[in-house]
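So the structure is just underneath, and the comments pick up after that.
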Amino acid sequence: MKSWLTTTDHKRIGQLYFWTALGFFLIGGLEALVIRAQLAKPEGIGVSAEVYNQLFTMHGTTMIFLALMPLSAAFFNYIIPLQIGARDVAFPRLNAFSYWVFLLGGLFLNASFVAGPLFGAPRLSVAPDAGWFGYANLTSRQFSPGPNIDFWLLGLQILGIASLAAGFNFIVTILNMRAPGMKLMRLPVFSWMTLVTQFLVITAFPVITVALVLLMFDRFFGTHFFVPAGGGDPILWQHFFWLFGHPEVYILILPAMGIVSEVLPTFSGKPLFGYTVVVYSGVLIGFMGWGVWSHHMFSVGLGPIADSVFSATTMLIAVPTGVKIFNWIGTMWGGQIRFTTAMLFAVGFIAMFIIGGLSGVSHASPPADLQQTDTYYVVAHIHYVLFGGTMLGLFAGMYYWWPKMTGRRLSETLGKWHFWLTFVGMNLAFFPMHFSGLLGMPRRIYTYGPELGVTRLNQVSTAGAFLLGIAVLVFLVNLWWTRRRGEPAGNDPWQGATLEWAIPSPPPVYNFTVIPRVESRLPLWKTEHHGAMAPLPLTPPTPIHVPGGSWWPLITAFGLPVIAVAAISHHLWLVFVGLAIVITGIYRWAYEPFEV
Amino acid sequence: MSQAHHTSMGLDNRKMAFWAFIGSECLLFGSLISTYLIYKGKSLVGPYPHDVLNIPFTSFSTFDLLMSSLAMVLALAAIQRGDMKQGKLWLFVTALLGIVFLGGQVYEFSSFVHEGLGLTTNLFGSTFFVLTGTHGAHVTVGVIWLLTLWVQALRGKLGPKQAVTVEITGLYWHFVDVVWIVIFTLVYLIQ
Amino acid sequence: MRRHSLLLLLLAAIAATACGGPFPQTTLAPRSDLGAQVDTLFTSIFWWAVVVFAIVEGLLLFVIIRYRRREGGPKPSALHGHTALEIGWTLAPALILVFIAVPTMRTIFATAAPAPAGALRVEVIGHQWWWEFRYPEIGVVTANEMHVPLGKPVQLEMTSADVIHSFWAPGLGGKRDLTAGRITRIAFTPDSLGEVAGQCAEFCGASHANMRLRVFVESDSAFRAWAARQVTGAAVPSRGSPAERGQDLFAHGACIACHTITGVPQARGTVGPNLTHVGSRTMLAGATLPNTEEWLRRWISNAPSLKPGSLMPAMPLPDDQIAALVAYLQSLK
């Protein structure tokens, strides 16, 4: 147990991220199921408006910040050092710190569900309730007097620190710790997409941090950054939020695109088609993602010129995205496709992402978008790209890399059930939402009139959501079953091409007995250009130093929720205690002997 | 402190991480500066910038911070060549000049409050204090960092082998200085 | 084969559930010039999307069927790039996007133009959780139900009294946000008679779902008649009637803190809707409840139970007082 608390091993940290994120995914899923149960008919199942508003807010916040991003982080942690031929990340203790901050931030946010009595309010009344993008000026103290928004803005600031720290860590790791011979254009696409993602993280998160700090000042100290009565402009919040928010959606999708770019070649038996183009389009998407943010604001009334500019940039970004899809299809063309579960999810990703991408194109046209934004049509869009895209891509990664991480293959039979239940469930859940949106159902409503005529569509969506719940249960059963009964996997159960398949499953603590020299993009494959890499020695020729663990990342991390709790309970002295913990932690960390 | 290893791009890991950090800090200060500029001229009530800003005084603060960057350069050069006597001296001078800057800020802030400009008085007060306050917090962290190094040097534990750490300290300090130049220009000089 | 026919069946089933109607808030049956322009644009984008969908998903399906691993099948080809293809599948989507972008830009500018001079101006002020409609040129002040004449241009000028709301009557066209401190506009000319339903489309707090509206498109003469009635003062209840007692209770009760009734000097409140002609409206409570005696009674007795978070508190008054108030308000036609 202690070794888990002090671990600085990227493989262990990856596992910690995975299980924690999975837990939050289940919580977010439960929130979704209650939402869908409520919306199955006009009067619903009796969920009150106040509770409903917390549910949809926490569903979005949880899924984005506590499930999708950390599930991706689980793979960044476990797989990136293996793919680049390194023994660990650049800053192992900072890595651990990122995880602990994530866990504590997630716990702080979710504590809001039960913290009501501490504020003289009932349970289930103080969780964040202004939507996952918390528009001003609804979030001002005047219109949100309770601690709900304080939980939200403090929790997100904590989580932002976790993401930023990880961002710096992985940029240095990927750029600076590659095995000899692994030029950037020989980097596996998953590592490339991760690199682009981390650049987006370190540039986008400061923007939302500033927005949250300004909101915090409005709520705690009486400034008027977003308060019209004091001259503030609520629209400024939207600009800041979406300047972060749009890169954030690329942060959410690029890693999954990277995973798909690994899985498809492996199970097609041929290299990724157009590697260079796929890499460059990822980089281009990263840059262009900064130029589209106001497409989330077409209904604000920014004026026809602003709307036109953002419409154009948004349509433009569809081009590199489409290019990737064609390259993936090209990868499978002429291949010998093996339909393992990982491959099914990867193909499912492409099929669903196309739909999400097409509804996205319709959103790019402001006049059309004005009928779609803030309705269930956009809810359909986001779930096609985030569930049909990111989540299916992450599932592909789980089935693909599970043998590497645990030494056992997940059951293919259960896997196929998981896939088909998911595929049918998600389409049943989200496809009808295109229609309910176009028929006039706005989003974020706890009830709707029977006269709208969308009841039947909602029932289908609810059925689909519960089917998804069953699919997730099948997946959990698979995880459980595999612990003891999963087929043992050797180094390379799939005949993969990249370095992680050259070492045992699970890898020894030092990963590689000898850091390999890399001569190609596909080191483990024999191709017409090069032979396959020679197998690595079974034992290290010289002893490999592996750094021990450290308590300081956990202790330092702990100071942050202390500060947050102090702020939300208005105890200034406790803020100083929290600060003292952080500062002490940093000093002891800095002076601790720790050789990588 | 950890040793430098061979790296793919030839740059020490810690230095590369720090440059990435500076990149993200640019976005942080950029957002705060943008907020200031967006709300410039939009305050509903005074005091307004021309009522309170004292260019001569702040010019002196700016000069002080610039000189502190010079001291930092001298400190690094000394430590790199192993001259720890000079190294300790210039580290201390850098920190001292930083403290002088902070003292100037405290004086300026309290005189503004005295003149009726507080954090919540108007948009100018809010944006000004949050921007310069964030910068001041960064300077404070820098001063603590410098003094920590200075104490380490006094204990004989800082030398040419730790030059990378000092270089990174310098990077941070120069960055904070550059941010101040931008703030000084946009807030004080161009009103 | 088995798998994708199942999928097609599924999609057909889903689509079928949407059939039927009526759909009072549909975006797909435009009732104004603005609505029609938007609908035309969306239709063309939709069909482009269908074409792209068919081609790309078709390619995907083809590839996963044709290139399944077979025993004794050919080795995978080593093809891993093709510049001409890359250029082709970059330019083709870009070209399709041009076909979407050009009509988009045209429609943006066409619909952003203000209504012609002489248009009927309606000021829309969003409140938590009701709509205030003011007609400055004819002096009408009402709530939640807007009347407009057929075939005449209308200019909405919108702002919020509190948080961000969004005016959305889908039949008339796309939505536009209402933000405190700024004015946004929608210009439209309705082209069919009848009711257009709508509701707030920007999350605005507890009862966002209950902030609905109706737009009544009527003939020019019917509109004039409505406007003429709306600008008069409140109906005076006949002596000794329950409505007279109701007016008395209203004028000396809590109601005046929030509501205005022209003709009742004490009633100058502006927190809640103007009730001068509340009896003439078809709905209550942000167009969520029918304007009947029963619902009005329940609303006055306990508004928060019907509308979570409602700023109108519950009124624990004796039944006979509520009945009198109801009689009075219903008489304000």
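The values are calculated or read from the model by the stated rules, or taken from the named source; none is laboratory data. Just so you know, these numbers come straight off a predicted model, no measurement behind them. Positions of Cβ are backbone-derived with ideal geometry, glycine not excepted, and every protein chain shown enters the neighbour counts.
Quick look at the values:
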read-out	value
Within the stretch C:191-221, considering residues that are surrounded by fewer than 21 Cβ atoms within 10 Å (Cβ to Cβ) and free of Cβ contacts under 8 Å to residues at least 60 places away in the same chain, the one nearest to residue A:140 (Cα to Cα)	C:193
Residue check, residue A:52 modelled with pLDDT of 95 or more and within 14 Å of another protein chain (Cβ to nearest Cβ)	yes
Residue within the stretch B:153-160 that is buried (at least 18 other Cβ atoms within 10 Å of the Cβ) and assigned to a helix (DSSP H, G or I) present	yes
Single residue of A:272, A:302 found to be more than 9 Å from chain C (Cβ to nearest Cβ) and outside any helix (DSSP H, G or I)	A:302
Meets criteria (at the interface with chain A (Cβ under 9 Å from one of its Cβ atoms), in a loop (DSSP other than H, G, I, E, B), modelled with pLDDT of 95 or more and surrounded by 14 or more Cβ atoms within 10 Å (Cβ to Cβ)) for residue C:37	no
Every residue from the stretch B:1-34 that is of a type in the set (Ser, Thr, Tyr), within 25 Å of the chain's Cα centre (by Cα) and facing chain A (nearest Cβ under 7 Å)	B:24, B:31
Which listed residue, of B:86, B:105, B:152, is free of Cβ contacts under 8 Å to residues at least 24 places away in the same chain and under 23 Å from residue A:579 (Cβ atoms)	B:152
Helices (runs of 4 or more DSSP H) contained in the stretch C:231-333 and holding at least 3 residues more than 14 Å from chain A (Cβ to nearest Cβ)	C:242-252, C:293-301, C:319-331
Of the criteria (1) crowded, with 24+ Cβ neighbours inside 10 Å; (2) under 22 Å from residue A:247 (Cβ atoms), which one residue A:182 fails	(2)
Some residue of the stretch A:151-162 being within 22 Å of the chain's Cα centre (by Cα), more than 30 Å from residue A:496 (Cβ to Cβ), within 11 Å of another protein chain (Cβ to nearest Cβ) and of a type outside the set (Asp, Glu)	yes
Looking only at the stretch C:178-190, and only at residues there that are buried (at least 16 other Cβ atoms within 10 Å of the Cβ) and outside any strand (DSSP E or B), the one that is nearest to the other protein chains (Cβ to nearest Cβ)	C:180
Total residues in the stretch A:111-170, condition part of a helix (DSSP H, G or I) and acidic (Asp, Glu)	1
Residue match in the stretch A:222-244 (condition: within 27 Å of the chain's Cα centre (by Cα) and away from every other protein chain (no Cβ under 12 Å))	yes
Number of the condition not met by residue A:343 [criteria: (1) facing another protein chain (nearest Cβ under 10 Å); (2) closer than 13 Å to residue C:53 by Cα]	(2)
Number of the exception - residue A:439 against (1) more than 25 Å from the chain's Cα centre (by Cα); (2) more than 11 Å from chain C (Cβ to nearest Cβ)	(2)
Check on residue C:154, within 27 Å of residue C:291 (Cα to Cα) and of a type in the set (Val, Ile, Thr)	yes
Meets criteria (touching a residue at least 60 places away in the same chain (Cβ under 8 Å) and acidic (Asp, Glu)) for residue B:51	yes
Residue within the stretch C:75-82 that is basic (Lys, Arg) and not assigned by TED's automatic domain parsing to the domain that holds residue C:48 present	yes
Any hit, the stretch B:61-68, residues being surrounded by fewer than 19 Cβ atoms within 10 Å (Cβ to Cβ) and more than 19 Å from the chain's Cα centre (by Cα)	no
Extreme residue, nearest to residue C:105 (Cα to Cα), among residues of the stretch A:369-382 that are surrounded by 24 or more Cβ atoms within 10 Å (Cβ to Cβ) and not aliphatic (A, V, I, L, M)	A:369
Output for the stretch C:129-163, where each listed residue is over 18 Å from residue C:33 (Cβ atoms), assigned to a strand (DSSP E or B), free of Cβ contacts under 8 Å to residues at least 40 places away in the same chain and of a type outside the set (D, E, K, R)	C:133, C:158, C:159, C:160
Residue selected from the stretch B:71-129 under the condition outside any helix (DSSP H, G or I) and of a type in the set (Gly, Ala, Ser), by the criterion nearest to residue B:34 (Cα to Cα)	B:118
Single unsatisfied condition, residue A:388 versus (1) buried (at least 23 other Cβ atoms within 10 Å of the Cβ); (2) facing chain C (nearest Cβ under 8 Å); (3) not β-branched (Val, Ile, Thr)	(2)
Residue in the stretch A:247-257 that is at pLDDT 95 or above, out of contact with any strand residue (DSSP E or B) (no Cβ under 9 Å at 6 or more places or on another chain) and either assigned to a loop (DSSP other than H, G, I, E, B) or at the interface with chain C (Cβ under 9 Å from one of its Cβ atoms) (or both) present	no
Selected residue (criterion: nearest to the other protein chains (Cβ to nearest Cβ)) from residues of the stretch A:95-150 that are crowded, with 23+ Cβ neighbours inside 10 Å, of a type in the set (S, T, N, Q) and closer than 18 Å to residue A:23 by Cα	A:98
From the options A:199, A:225, residue that is within 30 Å of residue B:119 (Cα to Cα) and either outside any helix (DSSP H, G or I) or touching a residue at least 24 places away in the same chain (Cβ under 8 Å) (or both)	A:225
Only listed residue being assigned by TED's automatic domain parsing to the domain that holds residue A:510, at pLDDT below 95 and more than 18 Å from the chain's Cα centre (by Cα), chosen from A:123, A:93, A:141	A:123
Residue count, the stretch C:47-68 (criterion: within 7 Å of chain A (Cβ to nearest Cβ) and either part of a helix (DSSP H, G or I) or surrounded by fewer than 19 Cβ atoms within 10 Å (Cβ to Cβ) (or both))	10
